[in-house]
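Encoded as structure tokens, the structure appears first; notes follow it.
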Amino acid sequence: MALSKVHTIDFPKIEDPRGNLSFIQAPEQLPFKLCRAYWIYDVPGGKKRWGHAFHAQEEVIVALSGSFDVVLSDGNDERRYHLSRSYYGLYVPPMTWRYIDNFSTNSLAYVLSSTLYDEADYIRDYDEFCRLVAQGDK
Ligand code: TYD
């Protein structure tokens, strides 16, 4: 099941009285070859980014600022991950339904992706996702 592959990734943290510094360096800190980064910002507090899954895309989600919840489902189990620190990320494998909610005001969700943007890789209908999971789509 895809949820067993979900894990957090700790990034290096250089503590400094002038302000802490973390970094993501490929390939050391990522379980895939980095292809794209995008970020979600200016989300009104408490709003939700609706769900989808990907056939192939893997991603790591980081709360660069503020906090939010990433809710993941493999069609059977659902788990909620509260992200609130910039020095770790959440690895989301392919074929995982995910939505993000509970955004704090001024939060910034940074997403590192294994693929270029490809609408054909999206599964935007939850029932279709469950059908594909039942068929054993990986
Ligand atoms: P989408 O991934 O559907 O975000 P959400 O599920 O949170 O609403 O992306 C929203 C829109 O942005 C969609 O029309 C496609 C576009 N988009 C790109 O053009 N390139 C990208 O890398 C991403 C992530 C989205």
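We did not get these values from a lab; they are worked out from the coordinates using the rules stated. Since the model is a prediction, treat every value here as computed from it, not as a measurement. Backbone-built Cβ (ideal geometry, glycine too); neighbour counts: all protein chains shown.
Hey, if you put +1 on the Cβ of every Lys and Arg and -1 on every Asp and Glu Cβ in the chain, which of S84, W50, A2 ends up farthest toward the positive end of that dipole?
With unit charges placed on the Cβ atoms, the residue in question is S84.
Given the peptides 44-50, 15-21, arrange them by the average over their residues of other C-beta atoms within 10 Å, most packed first.
44-50, 15-21
With only Lys, Arg, Asp and Glu charged, each at its Cβ (+1 for the first two, -1 for the last two), find how big the charge dipole of region 63-123 is about the Cα centre; round to the nearest 20 debye.
With Lys and Arg at +1 and Asp and Glu at -1, about 320 debye.
Assigning unit charges at the beta carbon (Lys, Arg +1; Asp, Glu -1) and nothing else, what dipole magnitude in debye, to the nearest 20, does region 2-134 show about its Cα centre?
Dipole size: approximately 280 debye.
Counting only helical runs of four or more DSSP H residues, what would the 222 nm mean residue ellipticity of the chain come to if each run contributes -39,500 (n - 2.57) and the total is spread over all its residues?
The per-residue figure over the chain is -2000 deg cm²/dmol.
If packing is taken as the average count of other Cβ atoms within 10 Å, what order do 30-39, 60-69 fall into, highest mean first?
Peptide ranking by packing, descending: 60-69, 30-39.
How do the peptides 96-104, 3-11 rank, highest first, by the average count of neighbouring beta carbon atoms within 10 Å per residue?
In descending order of packing, they fall as 96-104, 3-11.
Count charges around R36 for me, please; just the other residues with Cβ under 14 Å from its Cβ, Lys/Arg as +1, Asp/Glu as -1.
-4
When we measure straight from the Cα of K48, which aspartates and glutamates land under 16 angstrom away, once same-chain ones fewer than 8 places off are left out?
Once the sequence-local aspartates and glutamates are set aside, what remains near K48 is D69, D101.
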